[in-house]
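> Take a look at this one; I'll ask things after.
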Amino acid sequence: MVITRTDNWLALIFSARVLMYANYMVYAACVPVLLDEWQMSAAQAGTVVSGFMAAYAVSLFASSWLADHFGAKRVFVISAVLSAVSAMAFGFFARSYGSGLLLYPLAAATQGGLYTPAIILFTDRYDSSRRGTAVGYLIASTSIGYAFSLVVTGLSLHFAGYKAAFVVTGVLPVLGVLLSWLALRGTANIIHPRPRGMRVFSLLKKNRDARHLVAGYTAHSWELLGMWAWTPTFFAASFALAGNGLAETAQFGAYLAASMHLVGSFASASMGRLSDTCGRRRVLIWVAACGAVLSFTIGWLIILPVYIVMMIGYLYYFAAIGDSPVLSTALSESVEPGYLGSVLAVRALLGFGAGSVAPIVFGAVLDWTNPTGAPVSQWGWAFVVLGLGGALATWHAFRYRRPGAATTNR
């Protein structure tokens with residue numbers, strides 16, 4: 001069944017994904033506290049996030065491939081159940097650097113099926129003329145989930161500390177599983193036919209647009225995931241320049257990043273819709289270019305008043321996430337349905353593989369450019385490293401031809 005407008009099914013999936021991502025940002029929001037509680041360096045803190053991203057990349061790869069062979073609905077539902085269990089495991093048992101390094105990636109290893117199979121479900125359900133809008137809402141639900149995670153974490157930090165934040169955000173995904181079941185109980189589990197003799201890498205070799213979209217997504221992920229991992233701490237550092245205490249700065253970073261994820265959700269929905277009317281390529285170029293410029297500049301501006309850093313941060317979040325739904329929608333239009341999961345699997349492995357490295361590199365640059373034992377005050381070079389990904393994403397957007405191009409263009 002192809003739908004040409006949004007519907008209640010989308011609303012249920014949207015709400016379910018918000019709840020199932022409740023634990024996604026809890027570690028990043030707690031880093032200012034955990035650096036002291038767990039006695040970690042910035043580089044060690046980055047390894048926990050990077051372990052999460054690496055496991056998420058593998059999970060995305062596996063779930064995407066499985067969706068082609070066993071159906072997107074089936075993979076999504078199984079992942080939802082497993083992600084709820086692993087979120088509770090992290091929430092109740094992560095109490096040190098070692099346990100966090102084990103359990104946070106374990107949570108990520110179960111979450112991949114909530115993303116790429118969902119893109120396939122949306123591709124099957126929504127007509128191309130409205131698909132950008134629908135996928136925009138899909139990506140927006142992720143951003144709102146992150147914002148929800150950050151708000152719950154900030155409140156928990158204020159009233160009961162990081163352990164309570166871990167537990168609360170670990171339990172909420174169970175509610176998301178229930179909403180997913182309500183949405184998908186009447187949805188068919190579709191397995192698309194695959195032409196014989198074609199392999200995914202042969203398809204990418206022949207398909208120029210798909211190659212550039214996958215490469216652009218990889219560069220985009222380097223910038224976006226590195227930024228998501230460290231901006232709560234960056235904004236907390238900006239707030240700390242006013243002389244606030246550790247717990248207050250952690251809460252401020254969490255709340256501010258949450259509000260910026262809400263801006264990101266608006267970016268996803270609006271840019272997805274805009275790409276339906278103005279074209280995928282034009283939106284990709286402008287949004288990626290704006291994100292790169294902001295990555296190159298924001299880290300140097302920490303000395304400015306907090307409200308100015310906040311305004312720039314809102315623009316940064318908008319630009320960094322705004323091309324996500326457009327990249328996914330354009331790819332769904334450039335690849336045969338029977339191979340979309342496999343291409344998404346390759347894209348996920350490359351994109352989130354790059355995203356898993358970015359927080360480590362960012363943290364290492366912070367360590368190298370700031371005196372040992374002193375508060376982190378030099379952020380510019382670390383954000384410049386992320387901006388290189390944004391610049392590369394812009395180049396690949398230029399190389400992409402047009403939405404709806406034939407899947408065998410060269």
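> Which distance in nm do the two modelled labels at ARG185 and TRP381 give, with both placed 7 Å along the Cα-to-Cβ direction?
Inter-label distance under the simple model: 5.8 nm.
> For every other residue with a beta carbon closer than 9 angstrom to the beta carbon of LEU331, add +1 if it is Lys or Arg and -1 if Asp or Glu, then tell me the sum. Each step should come with its number before you reach the end.
Values: positive: ARG347; negative: ASP209, GLU333.
Once positives and negatives cancel, what remains is -1.
> Something else about it: Quick check on the range 13-150: what does the Kirkwood estimate of hydrodynamic radius come out to from the alpha carbon pairs, in Å?
Evaluated over the range 13-150, this radius sits at 15.6 Å.
> Based solely on its DSSP helices, what 222 nm [θ] is calculated for the chain when runs of n ≥ 4 H residues each add -39,500 (n - 2.57) and the sum is averaged over all residues, nearest 500 deg cm²/dmol?
On the way: 17 runs with 325 residues, N = 410.
Roughly -27000 deg cm²/dmol at 222 nm, from the helical runs in the chain.
> For the residue pair THR297 and ARG74, what label-to-label distance in nm results when each label sits 7 Å from Cα along the Cα-to-beta-carbon direction?
Each label point lies 7 Å from its Cα, and together they span 5.1 nm.
> Here's another thing I want to ask about it. Using the Kirkwood radius built from alpha carbon pairs, what does the Stokes-Einstein equation give as D for the range 290-410 at 25 °C and 0.890 mPa s, in µm² per second?
Stokes-Einstein gives a translational diffusion coefficient of 148 µm²/s.
> What is the gain in length, in nm to one decimal, between TYR314 and PHE201 on full extension, counting 0.36 nm per residue of separation less the C-alpha to C-alpha distance?
Full extension of this stretch gives 36.9 nm more.
> Any chance you could get the radius of gyration and Dmax over the Cα atoms of the range 285-361, in Å?
16.1, 52
> Tally Lys/Arg at +1 and Asp/Glu at -1 over every other residue whose Cβ is under 15 Å from the Cβ of ALA292; what's the total? It would help to have the intermediate numbers written out before the result.
Numbers: positive: none; negative: GLU223, ASP323.
Cβ neighbours under 15 Å give a net charge of -2.
> Another question about this same structure. Sum up the charges of everything whose Cβ sits under 11 Å from the Cβ of ILE190, counting Lys and Arg as +1 and Asp and Glu as -1, but leave ILE190 out.
Its environment carries a net charge of +1.
> Which whole-number percent is the relative contact order of the range 87-142 (Cα, under 8 Å, 6+ apart)?
Computed value for the range 87-142: 22 percent relative contact order.
> Continuing with the same structure: What relative contact order, as a whole-number percentage, does the range 29-157 give when Cα pairs under 8 Å and 6 or more residues apart are counted?
After rounding, I find 32 percent.
> Give, rounded to the nearest 20 debye, the magnitude of the charge dipole that the range 18-131 has about its Cα centre when Lys and Arg contribute +1 at Cβ and Asp and Glu contribute -1 at Cβ.
Result for the range 18-131 is approximately 320 debye, rounded to the nearest 20.
> Okay, moving on. Given the convex hull over the Cα atoms of the chain, what projected area results after averaging over all orientations, in nm²?
So the Cα hull casts an average projection of 17.4 nm².
> Oh, and also: How high is the relative contact order of the chain, given as a whole-number percent (alpha carbon pairs under 8 Å, six or more residues apart)? Intermediate values should be presented prior to the final figure.
Details: 809 pairs, mean separation 115.3, N = 410.
Relative contact order here is 28 percent.
> Just name one of ILE360, ALA108, GLN378: the one whose Cα is farthest towards the positive end of the charge dipole of the chain (beta-carbon charges, Lys/Arg +1, Asp/Glu -1).
Sorting the options by dipole projection puts first ALA108.
Every number here is computed from the coordinates shown, using simple stated rules; none is lab data. Please read these numbers as outputs of a predicted model, since none were measured by experiment. Ideal geometry is used to build each Cβ from the backbone, glycine not excepted, and the neighbour counts take in all protein chains shown.
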